[in-house]
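Below: the structure, in structure tokens.
The values are calculated or read from the model by the stated rules, or taken from the named source; none is laboratory data. Just so it is clear, the model here is predicted, and its values are computed rather than measured. Note that we place each Cβ from the backbone using ideal geometry, even for glycine, and neighbour counts take in every protein chain shown.
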Amino acid sequence: MYLMDRKIWYMDRFQTNVQNWTGTGWKRERTTKEKRGLRELRVLEKLKSMVSETNNQTLPSCQEAMHNSLNQALQTLETANHKFCRLQQREQEETELSGNQLKTDEIKNKAQRELLMKELECCQAEVDNKQRKAMEHLKEQYTEMEKDLSKCVSF
């Protein structure tokens, strides 16, 4: 009995499949697939037109804007580089001038030091001379005082 039921079930199933293939179900499925295919085709065509529009119109304008921006940035960098080079050159010139100035100042200072040393030697010689004279004078005074004391002691 079980086999009979199974055979019937398979036959019913086969008939419905045949009806679907030959009947309205198959046509309905086919028209739905065709509509879906047409929709996909329209979407693809629209996408293709958008890509070509982007390539033809938007991309060149973006490239031009980017090129202009890069040119402005390049000009700014070149200007800054030029200013930096001038500043560096000025600093180098000032360093050279200050180096020359330092050398001349050093020479002047050396000459002034030499003059000062000569004056100091002269002053020291003069002070030494005065001290020697003062010491001689003191010695003379002490000898006179000793003489006076020796006279006083003898009384």
Checklist line | Any chance C152 is exposed (fewer than 10 other Cβ atoms within 10 Å of the Cβ) and on the phi < 0 side of the Ramachandran plot | finding: yes
Check: Taking the range 77-100 as the region of interest, how many residues are among the small types (G, A, S) and at pLDDT below 90?
Finding: 2
